[in-house]
Number of protein chains: 2
Amino acid sequence: LEESRDSDVEDLVEGLHEADTADLLEILGRDERYRLMEVIGAGFDPEILPYLDETIREEIVEWLGPKGIAKLVQELDSDDAVELVQDLDEDLRMHILAALPQAYRRVIEESLSYPEDSAGRLMQREIVAVPSVWTIGETIDYMRVSDNLPDDFYDIFVVDPRHHPVGFIPASRVMRARRHVRLDEVMDDDMRIIPLELDQEDVAHMFRQYGLISAPVVEASGRLVGVITVDDVVDVIDEEAGDDLMKMGGVSEPDLYEDVTDTTKARFTWLGVNLLTAVLASIVISLFDATIEKVVALAVLMPIVASMGGNAGTQTLTVAVRSLAMKDLSEANAARFVGKELIIGIINGFLFAILTGVVTWLWFDQAALALVIGAAMVINMVVAGLCGTLIPLGLEKFEIDPAVASSVFLTTVTDVIGFFAFLGLAAIFLL
Amino acid sequence: LEESRDSDVEDLVEGLHEADTADLLEILGRDERYRLMEVIGAGFDPEILPYLDETIREEIVEWLGPKGIAKLVQELDSDDAVELVQDLDEDLRMHILAALPQAYRRVIEESLSYPEDSAGRLMQREIVAVPSVWTIGETIDYMRVSDNLPDDFYDIFVVDPRHHPVGFIPASRVMRARRHVRLDEVMDDDMRIIPLELDQEDVAHMFRQYGLISAPVVEASGRLVGVITVDDVVDVIDEEAGDDLMKMGGVSEPDLYEDVTDTTKARFTWLGVNLLTAVLASIVISLFDATIEKVVALAVLMPIVASMGGNAGTQTLTVAVRSLAMKDLSEANAARFVGKELIIGIINGFLFAILTGVVTWLWFDQAALALVIGAAMVINMVVAGLCGTLIPLGLEKFEIDPAVASSVFLTTVTDVIGFFAFLGLAAIFLL
């Protein structure tokens, strides 16, 4: 591809949707990427930027330089511009802001003043708001002449004299209504209003819960200041869902495109925590080294107990973390959930106690050893069921993200209890 | 709540959005749920049904009976009706379909004939399609009189005489254009068209990739047959993201509201597979029981090697599974990804080899043991990095879902290699 003539490449890129050009830039190696940027040159479409992965975007932004970026930023909608600028480092951000026209710069700066991951950052400032006393005809005429509106929009917001939103009308309904009808006769006043400071996770939940397409954002006084549309929320939903998966796997989000050094560092921290918990489990084992020396079968079998507990706990934990994220699990049904997982732990504990007991008996021909591993299995799987529910619920209560911290706690507990129960029972009954 | 008077409860429910009523029904215990349904009775809003979790929805559907459901189904949009009916068992579905009016029944049956999880199932049959030769004025007049249209819509699709989609116009643009303008002058012809059979995961990817609000669905001949809107896609994105998380944690999706028996059964299967792999690891250990008998410190330390390998592999695996799901990882950049993970495995392998080596040396005061555990650590973490990438890529190639099967394979490999490397090296160098 990269060996062909520049003009061919140029033609190819021109035919692509911005999202596809973004993908192309991401998939290439660094050198090829610079090469492609040179070919595209001044024809670079600013709409490509919002589609790029953060790490790659930074690279491209650096390549373009502050002047070049500032020119491109102006062509973006305010929400895309804010998203782009907020991730840049202090210095570069200042340079870009300084190069923007006064009015546009104020809008961006105001958006940046809202907390990260809040509705204020997510919203678009270009809104279609009309007074409730207008008729459909007046509204349409206004929209035909006004050139300060977004290109396309889904809902028209109806405001009272204080600029508080009182209802909305889907564009399709405006189009179909008669000209003389007053807006407040056809508007829908069952509307979900989003406060500026609402966390983007809660915004996503509202959109999902009520199947919204767009929703008005208001400041503390109730004044309409912006609008959030469902396409921005799709990104948030993706991000949050991916976040939970990544956190539970012990990785930070923008991992794929990060360079080796950054990725290694991020992974190292998590593995370091894991090393500590593994050493803790080893200390428990070392308490029973005399027992293991006499019955070496214990060393052979002990990983089974720990591993089954860990996996049973992870199952429960996964359901808890996902249900908490989707707000399906709350204090109202927490007790029922814990109870259910406890019963499952008991049932599966006994079933696997029998299975492992039989395997152990056949393998080592020692009935006592089979009983010990069975008992340890029941204990560990019940503990796993309890901890798999109580740890995430507890962390959520203290407002710690259960997706990050739960699995370390959980496997530490199931390892320690697993080894302790199995080796402890063995020390009592086998010696 | 449930002790108060019926009329109060009725008032409360009436004031709720359908999505909130659905949540209320989900959060209640079974008995309270039936009680609430009795209070709501005939006032039950069919719009509540699409918001309910599958398990709870089945319960409510049974409670309502086929006649009751058939009446409610008619009030739903075709896509919601299909979603509701497709999950019911054969018998009940037949009964409900039989009770529907002929025309509506044909629409539902046709949708049900498309493969599950395809665009055909997801789409809505009510579309706004107008010929390209019309003017804006004709279009508006048609929409004012036609009562066969969806209540609200976002895009109007422009079709040629063969009913193939040739472009679209956002409703807001129709509203702002002059009456005499022809549709093909203002329409956008850079449109993403979705084939009927496309998998819903790919549909979601298209919406995400191009920031779509709605997209036309066509049958093989190219005829426009339906439309998919972003709110349906939000559900799919949620579902798919949750699916991957759940599968990697070894649980099936609709778990929270399932009863104990079903959940226990589903979890049992996964734990059974895990037991087999744990036994495999035990067999590896048993090969070295003579070595362990002589150096009991090996039994104390061996879980550390296995656990670090497992965790490092899970990190890599998580990135791979997520990137594959988001289509960020493909054959074009697979080699680069594997290479990167290999390097990370080598770097972190050496770092943790030094760390564990030092800990071992301080703990057991045996330099040889420290060297053995260090070497085993490097081997296992490099293997983890390789398997964490190659296993999911291989499964994807054979069209097996990497989220389900990868982690069993991976931990089996890291356990077996971890124990084998550590105990094998010990047998060679420590005896």
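Against the main long axis of the alpha-carbon atoms of chain A, helix A:30-40 sits at an angle near 10°.
The figure for A:Ser286 is an accessible area of roughly 30 square angstrom, using a 1.4 Å probe on the protein chains alone. What's the angle, to the nearest 10 degrees (0 to 90), between helix A:18-27's Cα axis and the longest principal axis of chain A? For A:18-27 against chain A, the angle is about 40 degrees.
Considering only Cα atoms, the convex hull volume of chain B works out to 207 Å³ per residue. Over all other residues within a Cβ to Cβ distance under 11 Å of B:Gly222, the charged ones net out to 0, with Lys and Arg as +1 and Asp and Glu as -1.
Based on C-alpha pairs under 8 angstrom that are at least 6 apart in sequence, segment B:6-113 has a relative contact order of 23 percent. Working ranking of peptides A:326-335, A:86-95, B:348-357, A:15-24 by packing, defined as the average number of other Cβ atoms within 10 Å per residue, highest first, is B:348-357, A:15-24, A:326-335, A:86-95.
For segment A:129-234, the dipole from Cβ point charges (+1 on Lys and Arg, -1 on Asp and Glu) about the Cα centre works out to 520 debye, to the nearest 20. In chain B, Cα pairs under 8 Å separated by at least six residues give a relative contact order of 12 percent.
In whole Å, what three semi-axes, largest first, describe the equivalent ellipsoid of segment A:6-113 built from its Cα gyration tensor (square root of 5 times each eigenvalue)?
25, 13, 12
Residues of segment B:302-322 losing 20 Å² or more of accessible area relative to the isolated chain, 1.4 Å probe, heavy atoms only? Residues meeting the cut-off: B:Met302, B:Pro303, B:Ile304, B:Ser307, B:Met308, B:Asn311, B:Gln315, B:Thr318, B:Val319, B:Arg322. What does the average come to when, for each residue of peptide A:10-20, you count the partner chain Cβ atoms lying within 10 Å of its Cβ? Counting Cβ atoms of other protein chains within 10 Å of each residue's Cβ and averaging gives 1. Of all the C-alpha pairs in segment A:312-396, what % are more than 20 Å from each other? For segment A:312-396, the share of Cα pairs beyond 20 Å comes to 41 percent. With label points set 7 Å from Cα along Cα→Cβ, the inter-copy distances at B:Gly394 are 4.0 nm, sorted shortest first.
Restricted to Cα atoms, segment A:129-234 shows a radius of gyration and a Dmax of 13.8, 41 angstrom.
For A:Gly167, the residues 5 or more places off, or on other chains, whose built amide H falls under 5 Å of its own are A:Val158.
Using 16 Å as the cut-off for backbone N distance, which residues of segment A:32-46 belong to the label zone defined by a point 7 Å from the Cα of A:Ser7 along Cα→Cβ? Taking a point 7 Å out along Cα→Cβ of A:Ser7, the residues of segment A:32-46 whose backbone N falls under 16 Å are A:39-40.
Taking each pair of distinct Cα atoms in segment A:270-370 once, what is the resulting Kirkwood hydrodynamic radius in Å?
For segment A:270-370, inverting the mean 1/r across all distinct Cα pairs yields 16.4 Å.
Phi angles across segment A:408-417 convert, under the Karplus curve 6.51 cos²θ - 1.76 cosθ + 1.60 with θ = phi - 60°, into 3J(HN,Hα) values of 5, 3, 4, 5, 4, 4, 5, 5, 4, 5 Hz, Gly and Pro given as x. Heavy-atom accessible area, probed at 1.4 angstrom with all protein chains present, ranks A:Lys247, B:Lys294 as B:Lys294, A:Lys247, highest first. When accessible surface is computed with a 1.4 Å probe, chains A and B are found to bury approximately 9900 Å² between them, both chains counted. The local environment of B:Ser282, defined by Cβ-Cβ distances under 13 Å, has a net charge of -2 under the rule Lys, Arg +1 and Asp, Glu -1. The angle between the Cα long axis of helix B:367-397 and the longest principal axis of the Cα atoms of chain B comes to about 30 degrees, rounded to the nearest 10.
Seen through its C-alpha gyration tensor, with square-root eigenvalues sorted a ≥ b ≥ c, segment B:260-429 comes out oblate because a/c lies at 1.5 or above while a/b is not bigger than b/c. Can you classify the protein assembly as shown as rounded, prolate or oblate using the Cα gyration tensor, where a ≥ b ≥ c are the square roots of its eigenvalues, rounded means a/c under 1.5, and otherwise it's prolate if a/b beats b/c and oblate if not? Prolate is the answer for the protein assembly as shown, as a/c is 1.5 or above and a/b outweighs b/c. By a 1.4 Å probe calculation restricted to protein chains, B:Arg173 has an accessible surface near 70 Å², given to the nearest 10.
A Förster radius of 41 Å combined with the Cβ-Cβ distance from B:Asp160 to A:Val181 puts the calculated FRET efficiency at roughly 0.75. Rolling a 1.4 Å probe across all protein chains gives B:Leu196 an accessible area of roughly 10 Å². Cross-linked pairs B:Lys247/B:Lys327; A:Lys397/B:Lys247; B:Lys247/B:Lys397: no Cα-Cα separation exceeds 29 Å.
Principal axis extents of the C-alpha atoms in segment A:234-287 (largest first, rounded to whole Å): 52, 25, 10. Sequentially through segment B:60-76, phi angles give Karplus couplings (6.51, -1.76, 1.60; θ = phi - 60°) of 5, 4, 4, 4, 6, x, x, 4, x, 5, 4, 5, 5, 4, 4, 7, 8 Hz, Gly and Pro residues having no value and appearing as x.
Dividing the summed -39500 (n - 2.57) terms of all DSSP H runs of n ≥ 4 by the residue count of chain A sets its mean residue ellipticity at 222 nm at -22000 deg cm²/dmol. Rounded to the nearest Hz, the phi-derived 3J(HN,Hα) couplings of segment A:202-209 under the Karplus curve 6.51 cos²θ - 1.76 cosθ + 1.60 (θ = phi - 60°) are 6, 4, 4, 4, 4, 4, 5, 4, where x marks glycine and proline. Averaged over the residues of A:355-364, the number of partner chain Cβ atoms lying within 10 Å of the residue Cβ comes to 2. Sorted from closest to farthest, the other copies place their B:Gln366 label points 2.1 nm away, with each point set 7 Å from Cα along Cα→Cβ.
Using a 1.4 angstrom probe on the protein heavy atoms only, line up A:Thr414, A:Thr269 by accessible area, largest first. Spell out each step's value before the answer.
Working: A:Thr414 0, A:Thr269 90 Å².
Putting A:Thr414, A:Thr269 in descending order of accessible area: A:Thr269, A:Thr414.
Averaged over every viewing direction, what's the projected area of the C-alpha convex hull for segment A:157-303? Give it in nm², one decimal, please.
Values: hull surface 64.0 nm².
Approximately 16.0 nm², given one-decimal rounding.
Taking every residue in A:346-353 and counting other chain Cβ atoms within 10 Å of its Cβ, the average works out to 3.
Please report, as a whole percent, how much of the solvent-accessible surface of segment A:129-234 comes from carbon and sulfur atoms (probe radius 1.4 Å). In segment A:129-234, the share of accessible area belonging to carbon and sulfur is 47 percent. Between copies, A:Thr269 shows label-point distances of 3.8 nm, shortest first, with the point placed 7 angstrom from Cα along Cα to C-beta.
The values are calculated or read from the model by the stated rules, or taken from the named source; none is laboratory data. Everything numeric in this text was worked out from a predicted model, so none of it was measured. Ideal geometry is used to build each Cβ from the backbone, glycine not excepted, and the neighbour counts take in all protein chains shown. Protein only, heavy atoms only, side chains kept; ligands, DNA and RNA dropped before computing areas. Shrake-Rupley method; radii C 1.70, N 1.55, O 1.52, S 1.80 Å.
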